[in-house]
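The values are calculated or read from the model by the stated rules, or taken from the named source; none is laboratory data. Because the structure is a prediction, the values reported are computed rather than measured. Cβ: placed from backbone, ideal geometry, glycine included. Neighbour counts: every protein chain shown.
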Amino acid sequence: APIAEAVDSLLDQRRLPPALEAELAAMIGREAVLDLIATVGFYSVLGYMLMSYDTPIDDAIAAEMAARPL
């Protein structure tokens, strides 16, 4: 799945390889590729903030994570 591959690439390499960017642009359009990049970036920043300040996890979410870890 190119979108999942793109997310992995953005998180691991901090960029989309040109071939993957072209494939995504053909599949979903260049504007959607930019939206995808921005969304991954924004959620990364949110994660950095939450982790930096040890934001507590809701009890129900903590229970779900314990029952079904990644």
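If you go through segment 1-27 and keep only what is among the small types (G, A, S) and out of contact with any Pro (no Cβ under 9 Å at 6 or more places or on another chain), you end up with A1, A4, A6, A19, A22, A25, A26.
Looking at segment 7-16, can you tell me whether even one residue there is free of Cβ contacts under 8 Å to residues at least 12 places away in the same chain and among the hydrophobic types (A, V, I, L, M, F, W, C)? For segment 7-16, residues free of Cβ contacts under 8 Å to residues at least 12 places away in the same chain and among the hydrophobic types (A, V, I, L, M, F, W, C): absent.
Screening L70 against (1) in contact with a helix residue (DSSP H, G or I) (Cβ under 7 Å, 6 or more places away or on another chain); (2) modelled with pLDDT under 95 leaves a single unmet condition, (1). Does segment 8-30 contain at least one residue that is within 10 Å of the chain's Cα centre (by Cα) and hydroxyl-bearing (S, T, Y)? For segment 8-30, residues within 10 Å of the chain's Cα centre (by Cα) and hydroxyl-bearing (S, T, Y): present.
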